[in-house]
Amino acid sequence: MGDLMEFEGKTAVVTGGAGGIGRGLAHALLTRGAHVVIADVEETAVASAIGELSQLGSVRGMVTDVADEDSVVALADSVYEVEGACDLLFANAGVTSGGGGLPWEQEVNDWRWCFSVNVIGLAATVLTFLPRMLAAGTPGEVITTSSGDGGVAPVPYASVYAASKAAVSCFTESVAHQLRTAQAPVNAHVFYPGGGLLDTGLWTAARNRPAALERVRPRPPAPGTTFAEFKAQLEAAGLPADVVDLNWLGMRVLEDLDEGRYILGPDADRFGGLLHARADAIAEGKLPPTLLH
């Protein structure tokens, strides 16, 4: 391992930071001495997170809907007015499409909702903050949260969500290449959460789904649409079903940043093998394997 990255006294913004993976990231950042701004769409969740995480260090929260560009701009304005800088940007907010099922049973509103947060919301976050970070001329890091589900391989039972995460991975790689070409002081990284089962707010993301983007038809029954169901399915099939400590996962991300890695997260070795299999299938004109192969 090289020199540790300096987090002490740095300002980190974490979207989707009031729960799940985002909260784990905030926890890790505070442990390493950063000042953290938690942005999340749920006001009660923000208040709860601030109340608990403030015991670890300097943290404040702001209700932010990344699907609303004005809300993201208001977040950035607030950060640069109050903190004066954003040194680390974690574009982490995300939702599912509302459950699994057959791809042709998804509706256009499932696509609209999922992409409004996972793709357009993430892009709006980067497009709003990154120019200000570059204008500051100081070292910085942009971290986007993707997923092996789509970012690495297709996931037939979660096609809309996987498609959104494939977009995140492609966008982040483009940003990272351009930043390197420009020899900018800011780097971009993509984070693939993993290490086991992730019990996060994604499983209940529908609680924040806008009424205008609700499904028109009832969703066909689909197994494994709750975390408990999915975990039970894996156990019944004799597959690993260990639940990840999200605070540990957050610390793992910071350790990967310490090492200067572009890919952040604990599953890179497994993904590498799967991507080789994908490349081999494409070279032979075959359908690439899914994530569970």
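The values are calculated or read from the model by the stated rules, or taken from the named source; none is laboratory data. Source: prediction; values computed, not measured. Note that each Cβ is placed from the backbone with ideal geometry, even for glycine, and that neighbours are counted across all protein chains shown.
Condition (residue is in contact with a Gly (Cβ under 9 Å, 6 or more places away or on another chain), more than 15 Å from Ala91 (Cα to Cα) and at pLDDT 95 or above) applied to the stretch 18-28: is it met by at least one residue? Step through it out loud before you land on a result.
Our first condition is that a residue be in contact with a Gly (Cβ under 9 Å, 6 or more places away or on another chain); within the stretch 18-28, this holds for 18-28.
Filter once more, keeping what is more than 15 Å from Ala91 (Cα to Cα): 27-28.
Now narrow it down to the ones that are at pLDDT 95 or above: 27-28.
Scanning the stretch 18-28, I find at least one residue that is in contact with a Gly (Cβ under 9 Å, 6 or more places away or on another chain), more than 15 Å from Ala91 (Cα to Cα) and at pLDDT 95 or above, so the answer is yes.
So how many residues does the stretch 248-288 have that are loosely packed, with under 15 Cβ neighbours inside 10 Å, in contact with a strand residue (DSSP E or B) (Cβ under 9 Å, 6 or more places away or on another chain) and over 26 Å from Asn187 (Cβ atoms)?
1
Of all residues in the stretch 127-155, how many are over 14 Å from Thr172 (Cα atoms), at pLDDT 90 or above and either of a type in the set (Asp, Glu) or not in a helix (DSSP H, G or I) (or both)?
4
Just to be sure, is Ala47 aliphatic (A, V, I, L, M), assigned to a helix (DSSP H, G or I) and surrounded by fewer than 17 Cβ atoms within 10 Å (Cβ to Cβ)? Spell out the reasoning first.
On the way: aliphatic (A, V, I, L, M): yes; assigned to a helix (DSSP H, G or I): yes; surrounded by fewer than 17 Cβ atoms within 10 Å (Cβ to Cβ): yes.
Taking the combined requirement at face value, the residue satisfies it.
Please go through the stretch 1-40 and pick out each residue that is more than 18 Å from Val244 (Cα to Cα), of a type in the set (Val, Ile, Thr) and in contact with a strand residue (DSSP E or B) (Cβ under 7 Å, 6 or more places away or on another chain).
Thr11, Val13, Val14, Thr15, Val36, Val37, Ile38, listed by residue number.
Is one or more of the residues making up the stretch 70-87 hydrophobic (A, V, I, L, M, F, W, C), more than 20 Å from Arg132 (Cβ to Cβ) and touching a residue at least 40 places away in the same chain (Cβ under 8 Å)? Before you say what the answer is, go through the steps one by one.
Within the stretch 70-87, the subset hydrophobic (A, V, I, L, M, F, W, C) is 72-76, 79, 82, 85-86.
Pick out the ones that are also more than 20 Å from Arg132 (Cβ to Cβ) and you get none.
The answer is no; no qualifying residue exists.
Quick one: would you say His27 is touching a Ser or Thr at 6+ places or on another chain (Cβ under 6 Å) and within 15 Å of Leu53 (Cα to Cα)? Quick ask: steps written out before the conclusion?
Numbers: touching a Ser or Thr at 6+ places or on another chain (Cβ under 6 Å): no; within 15 Å of Leu53 (Cα to Cα): yes.
Answer is no for this residue.
Specify the residue that is nearest to Ala163 (Cα to Cα); the eligible residues are those in the stretch 89-121 that are assigned to a helix (DSSP H, G or I) and among the polar types (S, T, N, Q). Working first, answer last.
Narrowing the stretch 89-121 to residues assigned to a helix (DSSP H, G or I): 103-105, 108-121.
Narrowing further to those that are among the polar types (S, T, N, Q): 109, 116, 118.
Numbers: Asn109: 15, Ser116: 13, Asn118: 10 Å.
Only one residue fits best here, namely Asn118.
Restricting to the stretch 269-281, and then to whatever is under 12 Å from Pro154 (Cβ atoms) and not small (Gly, Ala, Ser), can you tell me which residue is modelled with the highest pLDDT?
Filtering first and then ranking leaves Arg278.
Tell me, please, whether a residue that is out of contact with any helix residue (DSSP H, G or I) (no Cβ under 8 Å at 6 or more places or on another chain) and farther than 22 Å from Tyr161 by Cα can be found in the stretch 10-27.
First, pick out the residues of the stretch 10-27 that are out of contact with any helix residue (DSSP H, G or I) (no Cβ under 8 Å at 6 or more places or on another chain): 10, 22.
Cutting the leftovers down to farther than 22 Å from Tyr161 by Cα gives us 10.
Yes, the stretch 10-27 contains at least one residue that is out of contact with any helix residue (DSSP H, G or I) (no Cβ under 8 Å at 6 or more places or on another chain) and farther than 22 Å from Tyr161 by Cα.
Would you confirm whether or not the stretch 6-28 contains a residue that is without any contact (Cβ under 8 Å) to a residue 12 or more places away in the chain, surrounded by fewer than 23 Cβ atoms within 10 Å (Cβ to Cβ) and not in a helix (DSSP H, G or I)?
Residues of the stretch 6-28 that are without any contact (Cβ under 8 Å) to a residue 12 or more places away in the chain, as a first pass: 6.
Adding the requirement that they be surrounded by fewer than 23 Cβ atoms within 10 Å (Cβ to Cβ) leaves 6.
Now restrict to residues that are not in a helix (DSSP H, G or I): 6.
Yes - at least one qualifying residue is present in the stretch 6-28.
Please find, among Ala158, Ala124, the residue that is assigned to a helix (DSSP H, G or I), over 26 Å from Glu6 (Cβ atoms), out of contact with any Leu (no Cβ under 8 Å at 6 or more places or on another chain) and modelled with pLDDT under 95.
Numbers: Ala124 fails: modelled with pLDDT under 95.
After ruling out the rest, the residue left standing is Ala158.
Scan the stretch 131-164 for residues that are over 17 Å from the mean Cα position of the chain (by Cα) and within 18 Å of Tyr262 (Cα to Cα) and jot them down.
Pro139, Gly140 - these are the residues of the stretch 131-164 that are over 17 Å from the mean Cα position of the chain (by Cα) and within 18 Å of Tyr262 (Cα to Cα).
Here's a check for you: in the stretch 173-224, which residue that is under 18 Å from Phe115 (Cα atoms) and exposed (fewer than 12 other Cβ atoms within 10 Å of the Cβ) is modelled with the lowest pLDDT?
By that ranking, first place goes to Arg207.
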